[in-house]
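Engineer: I'd like to ask you about the structure that follows.
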Amino acid sequence: MSFESDKRFNDFKHFPRGLRRSGEFTVAEADSLEKYGTAMLALYQGNLTPRDDIESAFLEQIKSGSAGSNPYAKVWFKYLKVIGPKRVHRLCTVAGGANEETGGGGFEGGSGGGSDESID
C-alpha cells in the first residue's frame, strides 16, 4: 500500500487545533493528510525513497511543481500553500521612500513658513 506510516500526521506548529479544525481543508483532505502526511513529508524531504509507482508519481509531480490529477499531490500542494509565507498587500508606501537621501519632498521640521524668532 502506498504512503504507509504507523504515525498520524499532525502539524501543531501551523495548526494548533489540528488539521480538521483549521478551516483550511475539507474533511477528505484532512483525512488524507492525517493518514498519509507523514510519508508524504518524508518523501518530500528526501528521507524516504518511493516504494511503488504511486509514490514515484507523487514525487515527480512535487518536483515538477504541478499536481496534475494526482489527489495526493493536490492535497500536498494545498498544505504547502497554506503553511507558506503570507503575502502582504500594502495600500501605502513605507515612510522615507526614495527621496530620503536627496532631501527632496521630505517632511523636515523647522524648514517651512518662518520661525518663532521672527515674531516680535
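Bear in mind that the values in this text are calculations on the coordinates, not laboratory data. All of these numbers come straight from a predicted model, not from anything done at the bench. Note that each Cβ is placed from the backbone with ideal geometry, even for glycine, and that neighbours are counted across all protein chains shown.
Engineer: If each residue of separation counts as 0.36 nm, what is the full-extension length gain between Lys63 and Glu24 once their alpha-carbon separation is subtracted? Numbers along the way, then the final one.
Structural biologist: On the way: separation 39, 0.36 × 39 = 14.04 nm, distance 2.36 nm.
Here the segment from Lys63 to Glu24 would lengthen by 11.7 nm.
Engineer: Need one number for the stretch 26-86: average projected area of the convex hull over its C-alpha atoms, nm².
Structural biologist: On the way: hull surface 17.4 nm².
Averaged projected area of the stretch 26-86's Cα convex hull equals 4.4 nm².
Engineer: So, one more: What distance in nm lies between label points placed 7 Å from Cα along the C-beta direction at Asp31 and Arg8?
Structural biologist: The answer from the label model is 1.4 nm.
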